[in-house]
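Engineer: Here it is, the structure, as structure tokens.
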Amino acid sequence: MLKRMMVLSMVMITVATLSAEELALKAEIPLADLELLDVSGEKTTLAGVKGDEGLVVIFSCNTCPWVRAWEDRYVELAATYQDRGIGFIALNSNSASRDRGESYADMQQYAEDKGYNFSYAVDEGSRLATAFGATRTPHVFIFNGEGRLVYRGAIDDNARNPDKVEQAYAALACEALLGGREPVAASTKALGCSIKYSD
């Protein structure tokens, strides 16, 4: 009986892993033309946000402590790289928590309070999160100028203390793009709160 339960548990873990498999490196931007409602009130798409040199997509939210620890670095990254041709967008995929701090109005207020200098849009029904295999907030995906995935994972290696960051993964990936190189670290573990998918 115990053996049967262990096998069943292994199967369930495997199925869960497969269903949440991250987008493969070098894959094209999923659902690039899907219209998204930005906090500005305008409609946007990933294709529209992408710059000539690439695109940074961050699955984010308003309520996760991990996001709050890292979000100042969103603003710094956008300020550094948007003017250099890398588009930047954060997506709120917490469809099951729209009535608990993740509504569109909450997003608008949050973006204003935090000084977001990039697009912040609703991922209705978590369609993009599903297509990307995103599981955490924050979860970063960076695409090159051809729209191919070159990095996925965490922003850097120290959420709690920006002064003690040793590997600024996302910034290093952006620098690699601008230098015509592949990022040295192409995939890292995304740390954060689970995305609240609706049933």
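Engineer: In degrees between 0 and 90, to the nearest 10, how far off the longest principal axis of the chain does helix 169-178 point, with axes built from Cα atoms?
Structural biologist: 50 degrees
Engineer: Order these by the 10 Å Cβ neighbour count, fewest first: F59, F118.
Structural biologist: F118, F59
Engineer: Taking only Cα atoms, what is the 0 to 90° angle, nearest 10, from helix 65-81's long axis to the longest principal axis of the chain?
Structural biologist: Orientation of helix 65-81: about 30 degrees from the principal axis.
Engineer: Any idea what % of Cα-Cα pairs in segment 25-194 are farther than 25 Å?
Structural biologist: So the portion of pairs separated by more than 25 Å is 22 percent.
Engineer: What distance in nm separates the simple spin-label points at N158 and Q109, each placed 7 Å from Cα in the Cβ direction?
Structural biologist: 3.4 nm
Engineer: Work out which GluC sites (Glu not before Pro) in the chain are exposed loop sites (DSSP not H, G, I, E or B, at most 15 other Cβ within 10 Å) and give the longest gap free of them. Display every interim value, and only then the final one.
Structural biologist: Working: sites that count: E21, E35, E42, E146, E166.
Result, exposed sites excluded: 43-145.
Engineer: Using the Cα centre of the chain as origin and beta-carbon charges of +1 (Lys, Arg) and -1 (Asp, Glu), tell me which of T80, A154, A121 is placed farthest towards the positive end of the dipole.
Structural biologist: A154
Engineer: Could you give the angle, 0 to 90 degrees to the nearest 10, between helix 2-19's Cα long axis and the longest principal axis of the Cα atoms of the chain?
Structural biologist: 20 degrees
Engineer: With the convex hull built on the Cα atoms of segment 15-126, state its orientation-averaged projected area in nm².
Structural biologist: Result: a mean projected hull area of 7.6 nm².
Engineer: Subtract the Cα-Cα distance of K43 and A131 from 0.36 nm times their separation in residues, and report this length gain in nm to one decimal.
Structural biologist: Details: separation 88, 0.36 × 88 = 31.68 nm, distance 1.96 nm.
Residue separation times 0.36 nm, minus the Cα-Cα distance, leaves 29.7 nm.
Engineer: Between Q167 and N117, 0.36 nm times their residue separation minus their Cα-Cα distance comes to what? Don't skip to the answer; put the middle values down first.
Structural biologist: Working: separation 50, 0.36 × 50 = 18.00 nm, distance 2.35 nm.
That pair, Q167 and N117, stretches by 15.6 nm at full extension.
Engineer: Please figure out what share of the DSSP beta bridges in the chain is antiparallel and state it in percent, rounded to the nearest 5. Intermediate values should be presented prior to the final figure.
Structural biologist: Details: 17 of 29 bridges.
Bridges in the chain are about 60 percent antiparallel.
Throughout, read-outs are computed from the coordinates displayed, never taken from laboratory work. None of these values were measured; they are calculated from a predicted model. Cβ coordinates were reconstructed from backbone atoms using ideal geometry, including for glycine residues, and neighbour counts include every protein chain displayed.
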